[in-house]
Every structure is written in structure tokens, then in C-alpha cells.
Amino acid sequence: AWVDLCHQIGGSGVKVRPNGLPKDVPVEKTLEQIGKALLFVGKYAAEFGIQIRVEVHGAGTQEIPNMKTIMDVANHPNVVVCWNCNPNDLNGAGFAANFALLEARLG
């Protein structure tokens with residue numbers, strides 16, 4: 001419904017935010033579930049010319065390797081990353097390595 005509304009008012013995309021990892025569900029399962037949902041919505045929204053913009057957001061989901069996993073599952077050109085640049089972008093191997101993980105999916 002929101003994709004249809006966005007299309008009707010002339011919008012070009014919808015920003016969505018994963019909002020964290022539930023404690024009672026394995027991380028891999030949650031990341032896959034988010035990715036599958038984004039893939040489904042991305043395919044549907046593409047029919048209307050509406051881009052799905054996934055913000056790097058949420059406790060655990062904002063970690064760049066986790067976002068990469070989500071985007072690997074949501075393997076559709078209509079699903080892109082909206083990177084808002086937070087301190088966690090420096091975690092792990094650092095900014096350059098994290099950027100390289102998502103660079104191809106930036107929208």
C-alpha cells in the first residue's frame with residue numbers, strides 16, 4: 001500500500017530501516033528474514049519505479065557485515081543502501097573495508 005501511495009504522489013523511493021536483532025532469534029535467521037522481505041518488496045516496488053532504500057540502522061543490523069548479509073539476500077537492483085554515516089562504520093576492519101562491502105549497493 002505504501003509503495004502505491006508513493007507512486008501516486010510522484011515519489012521515487014521509500015526508506016526502510018531494520019531496527020535491530022531480537023535476542024531470542026539466531027542472528028543469521030533474522031538477517032535472512034530481513035533480506036527476503038526486502039527482496040519481495042523490492043521486486044514489487046520496481047513495477048512502479050519506486051526504489052527501496054535500506055538505511056544502515058539498528059542495534060546489530062547497523063554493523064556493516066550484517067548489512068552486507070542482508071543486502072546479499074536482498075539481491076535486486078531496486079534495493080539499495082542508504083548509508084547515514086555513524087561511528088559504527090569504523091568498527092571491525094575500519095571504514096575503507098566496510099565501505100568496500102557495501103559500495104556496489106549504495107543508492
- Task: Restricting attention to the stretch 36-59, report how many residues are modelled with pLDDT of 95 or more and over 15 Å from Val14 (Cα atoms).
- Result: 1
- Can you tell me which residue among Ile34, Ile70 is open to solvent by 30 Å² or more (accessible area, probe 1.4 Å), under 19 Å from Leu102 (Cα atoms) and in a helix (DSSP H, G or I)? Ile34
- Query: Which residues, taken from the stretch 1-51, are of a type in the set (Val, Ile, Thr) and touching a His at 6+ places or on another chain (Cβ under 8 Å)?
  - Reply: Ile50
- Task: Would you check which residues across the stretch 37-61 are open to solvent by 30 Å² or more (accessible area, probe 1.4 Å) and under 19 Å from Asn91 (Cβ atoms) and list them?
- Result: His57, Ala59
- Can you name the condition, by its number, that Cys82 falls short on among (1) under 10 Å from the mean Cα position of the chain (by Cα); (2) hydrophobic (A, V, I, L, M, F, W, C); (3) buried (at least 20 other Cβ atoms within 10 Å of the Cβ)? (3)
- Item | Condition met for Gly92 (in contact with a Pro (Cβ under 7 Å, 6 or more places away or on another chain), at pLDDT below 95 and surrounded by fewer than 17 Cβ atoms within 10 Å (Cβ to Cβ)) | yes
- Task: Tell me which residues, restricted to the stretch 49-107, are touching a Cys at 6+ places or on another chain (Cβ under 9 Å) and of a type in the set (Val, Ile, Thr).
- Result: Ile50, Val54, Val56
- Reported set for the stretch 1-31 where residues are at pLDDT 90 or above, more than 20 Å from Val80 (Cβ to Cβ) and open to solvent by 40 Å² or more (accessible area, probe 1.4 Å) is Leu21, Pro22, Lys23, Asp24, Val25, Pro26, Val27, Glu28, Lys29
- Of the criteria (1) in a helix (DSSP H, G or I); (2) in contact (Cβ under 8 Å) with a residue 12 or more places away in the chain; (3) of a type in the set (Phe, Trp, Tyr), which one Phe48 fails: (1)
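The values are calculated or read from the model by the stated rules, or taken from the named source; none is laboratory data. Bear in mind that the values here come from a model prediction, so they are computed numbers and not experimental data. Glycine gets a Cβ as well: all are built from the backbone with ideal geometry, and neighbour counts include every protein chain shown. Heads up: the accessible areas ignore ligands, DNA and RNA and are worked out on the full protein's heavy atoms, side chains in. Shrake-Rupley method; radii C 1.70, N 1.55, O 1.52, S 1.80 Å.
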